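As structure tokens, the structure follows; a few thoughts come after it.
The values are calculated or read from the model by the stated rules, or taken from the named source; none is laboratory data. The shown structure was predicted, so the numbers you read here are calculated from the model rather than taken from an experiment. Neighbour counts run over all protein chains shown; Cβ positions are idealised from the backbone, glycine included. Ligands, DNA and RNA are excluded from the accessible area calculation, which covers all protein heavy atoms including side chains. Shrake-Rupley method; radii C 1.70, N 1.55, O 1.52, S 1.80 Å.
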Amino acid sequence: MTDNSQIIGYFLEEAKEHLDTIEQGLLGLQAAMKDQESLNELFRAAHSVKGGAAMLGFTSIQKTSHRLEDSFKILKENPQIPVDHKLENLFLSGFDVLRDLLERVQGPFGLRDDEAKTILDEAEPRFVQLQAHLESLNSGGPGIAEEVAPPPPKKSPTPAPAPVSNSSDFPHQVTRVLREMLQVFKQPTTPTNRQQLEEICSGLFNLDEQSAEWMSLVETAQTAIGNPKASYEALAPLVIKELKIAAELINAGRTQEVKPSSELVKLAESAIAKRVAITLEPQAVAQVLRASFNQKQLQQLVAALKKGAA
């Protein structure tokens with residue numbers, strides 16, 4: 001088995017555990033809504049699959065788990081939302097899409113780009129409908145009717161609107177998020193504030209899900225923010241500057257130039273090392289590594305470990 005196959009195998013093994021968590025939570029969603037930790041587990045499971053998929057370049061899996069993660073976030077922030085049969089079905093429908101994609105990765109031909117795109121296109125109305133139903137329930141409404149068709153994902157009358165990352169609005173959207181992040185950086189350094197910064201950073205994933213370079217930079221920044229040894233004084237100028245410059249590069253069509261600086265990478269690697277140091281359980285260590293390194297780095301790590309064990 002090649003190094004890459006081993007890494008994918010580890011990812012799939014971990015993803016299966018997360019799928020089990022999500023499925024059990026959805027099958028008992030009404031009970032889960034009464035237990036904040038159960039809602040947190042659903043959110044973390046989707047987040048972990050998203051992170052691993054992003055590192056391995058499985059964009060379709062990353063996007064699907066991200067859509068579920070966003071929906072779970074609404075639930076955990078609004079536990080008063082009433083769970084009806086419609087909501088359960090919509091969540092399970094979205095979950096089936098994620099499971100289908102992961103199963104195809106294990107197939108003899110892997111997950112082909114063309115079939116992944118087809119699956120995503122067909123699944124989009126389900127997630128649009130899920131989001132709309134959640135918003136309706138959260139606002140106190142009866143939810144959307146079963147027969148109402150979901151709105152089209154794009155309302156622009158133009159035949160081929162450009163993605164947000166290629167529009168002049170993209171840097172402005174990033175700037176708005178960075179301003180919010182800066183306000184938290186100005187507050188005292190506490191675990192709660194650091195977690196809030198990580199969540200704000202997570203919101204940047206939504207702004208350009210097509211760019212692997214952007215996703216990698218945001219993932220690195222989020223990991224660095226989670227480093228308890230990194231002071232806000234060191235993080236704030238570094239994170240905000242790099243994300244702002246990256247947004248401008250992407251908007252100018254220079255996406256390939258986007259990459260985290262060595263300083264940001266060091267802060268992220270330090271956070272990873274600390275998390276690995278506090279646990280010697282192999283599966284836990286593997287989970288941290290897969291969620292924190294890109295594919296090339298993981299291949300180099302596997303090669304180094306093999307050499308050291310020889």
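Here the condition is being open to solvent by 10 Å² or more (accessible area, probe 1.4 Å), outside any loop (DSSP other than H, G, I, E, B), of a type outside the set (S, T, Y) and within 21 Å of E219 (Cβ to Cβ); of K50, K73, K86, it holds for K73 alone.
Of all the residues in region 203-256, those that are among the small types (G, A, S) and within 16 Å of F185 (Cβ to Cβ) number 8. Among the residues of region 172-194, those that are over 19 Å from L238 (Cβ atoms), of a type in the set (S, T, N, Q) and in a helix (DSSP H, G or I) comprise Q173, T192. The single condition from (1) modelled with pLDDT of 90 or more; (2) within 16 Å of the chain's Cα centre (by Cα) that M55 fails is (1). All of (1) touching a Gly at 6+ places or on another chain (Cβ under 7 Å); (2) open to solvent by less than 20 Å² (accessible area, probe 1.4 Å) hold for E198 with one exception: (2).
In region 250-269, the residues that are open to solvent by 70 Å² or more (accessible area, probe 1.4 Å) reach residues that are assigned to a helix (DSSP H, G or I) and among the aliphatic types (A, V, I, L, M) with C-beta atoms within less than 8 angstrom, at least six apart or across chains, in these pairs: E257/L249; K259/L217; E263/L238. Just one of the listed residues (E233, E198) is assigned to a helix (DSSP H, G or I), over 28 Å from K117 (Cα atoms) and over 19 Å from the mean Cα position of the chain (by Cα), and it is E233. In region 11-21 there is no residue that is open to solvent by less than 30 Å² (accessible area, probe 1.4 Å) and among the β-branched types (V, I, T). Among the residues of region 93-113, those that are open to solvent by less than 100 Å² (accessible area, probe 1.4 Å), part of a helix (DSSP H, G or I) and of a type outside the set (S, T, N, Q) comprise G94, F95, D96, V97, L98, R99, D100, L101, L102, R104, V105.
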